[in-house]
Every structure is written in C-alpha cells, then in structure tokens.
C-alpha cells in the first residue's frame with residue numbers, strides 16, 4: 001500500500017487525483033462509474049480509469065479532518081458490512097504507526113472507507129483525514145469525455 005507520509009501537511013493544500021494511492025483512486029473511480037448511467041453504457045471501467053488518471057485539470061482534493069464519531073454514526077446507518085480479517089489488518093497498521101488512507105466523503109457525508117473508519121474508531125482516534133469527492137462527482141462526465 002502506498003501511503004502519503006502524513007496528511008497534516010496537505011490539510012491546507014490541494015492534492016491531485018494522482019497524489020492519492022491507487023486503491024483510493026480506484027474506490028473513487030468505481031463509485032463514480034457505477035453511479036453514472038452514461039459511463040456504464042458507454043465506457044469500460046478500466047478505460048475510464050486510465051483516461052481519468054491521464055487527464056490533467058481534474059478537480060483537486062483537500063484533506064480535511066472530520067470527527068470519527070459523526071462519520072461512524074453514518075456508517076452504522078448504512079449497515080456497512082465489516083470484514084474482521086480486513087479490520088484486523090488495518091488495526092495492525094495503526095498499531096505500527098501507519099496512517100491509513102483518507103476516508104472518502106461526499107459533500108461532508110460518509111461515502112467510502114468503512115473498514116478504515118472502523119479501525120480508527122476502535123483505536124480511539126477522534127479526528128481522521130478525509131477527502132470530499134463532491135466536485136469530482138458533480139462533473140458532467142459525458143460533456144467532459146466527449147468535449
């Protein structure tokens with residue numbers, strides 16, 4: 001896993017899509033792809049991913065720190081299924097001082113990263129790094145890809 005060394009240094013600056021690790025980028029691409037009829041009807045997800053990763057000028061992401069308990073409440077409302085094996089791997093990383101990838105939020109609301117969020121909750125972390133994909137999701141992908 002590629003992890004940014006610390007997100008605190010990015011909390012006042014913007015990150016490019018390619019600054020995020022490949023798993024986080026794929027989570028974003030997958031969620032956007034599977035929630036967009038145009039993309040699903042006209043693009044293969046892997047071609048869409050490659051196109052997005054090569055494109056310059058996409059909206060940037062800013063690391064914001066959000067309250068774990070607030071996000072965790074949203075996770076519980078979604079009935080998110082947590083794998084004990086995945087959770088244990090993440091807990092081990094946290095215990096070894098590794099900062100996990102940001103939780104993905106959409107307009108400030110939990111969107112993706114339930115295992116990471118649960119791990120942070122279990123170790124008693126109060127605030128965690130998040131990125132908001134609202135600007136990325138709101139792109140008119142048909143216009144952007146065809147124009």
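The values are calculated or read from the model by the stated rules, or taken from the named source; none is laboratory data. Note that this is a predicted model, so its numbers are computed, not measured. Cβ coordinates were reconstructed from backbone atoms using ideal geometry, including for glycine residues, and neighbour counts include every protein chain displayed.
Numerical summary
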{"quantity": "Selection count where residues are under 23 Å from residue 62 (Cβ atoms), part of a helix (DSSP H, G or I), out of contact with any strand residue (DSSP E or B) (no Cβ under 9 Å at 6 or more places or on another chain) and without any contact (Cβ under 8 Å) to a residue 60 or more places away in the chain, scope the stretch 122-147", "calculated": "1"}
{"quantity": "Residue in the stretch 72-81 that is surrounded by 12 or more Cβ atoms within 10 Å (Cβ to Cβ), in contact with a strand residue (DSSP E or B) (Cβ under 6 Å, 6 or more places away or on another chain) and more than 14 Å from residue 24 (Cα to Cα) present", "calculated": "yes"}
{"quantity": "Selection from the stretch 1-47 of residues that are part of a loop (DSSP other than H, G, I, E, B), at pLDDT 90 or above and touching a helix residue (DSSP H, G or I) at 6+ places or on another chain (Cβ under 8 Å)", "calculated": "36, 43"}
{"quantity": "The listed residue being at pLDDT 95 or above and not in a strand (DSSP E or B), out of 100, 71", "calculated": "71"}
{"quantity": "Of all residues making up the stretch 21-34, the number that are in contact (Cβ under 8 Å) with a residue 40 or more places away in the chain and more than 17 Å from residue 117 (Cβ to Cβ)", "calculated": "1"}
{"quantity": "Lone qualifier among 89, 66 - being without any contact (Cβ under 8 Å) to a residue 24 or more places away in the chain, outside any loop (DSSP other than H, G, I, E, B) and surrounded by 12 or more Cβ atoms within 10 Å (Cβ to Cβ)", "calculated": "89"}
{"quantity": "Residue identified as surrounded by 13 or more Cβ atoms within 10 Å (Cβ to Cβ) and under 21 Å from residue 16 (Cα atoms) among 118, 130", "calculated": "130"}
{"quantity": "Pick from the stretch 48-58, criterion loosely packed, with under 13 Cβ neighbours inside 10 Å and in a loop (DSSP other than H, G, I, E, B), ranking: modelled with the highest pLDDT", "calculated": "55"}
{"quantity": "Given (1) without any contact (Cβ under 8 Å) to a residue 24 or more places away in the chain; (2) closer than 30 Å to residue 140 by Cβ, index of the condition residue 79 fails", "calculated": "(2)"}
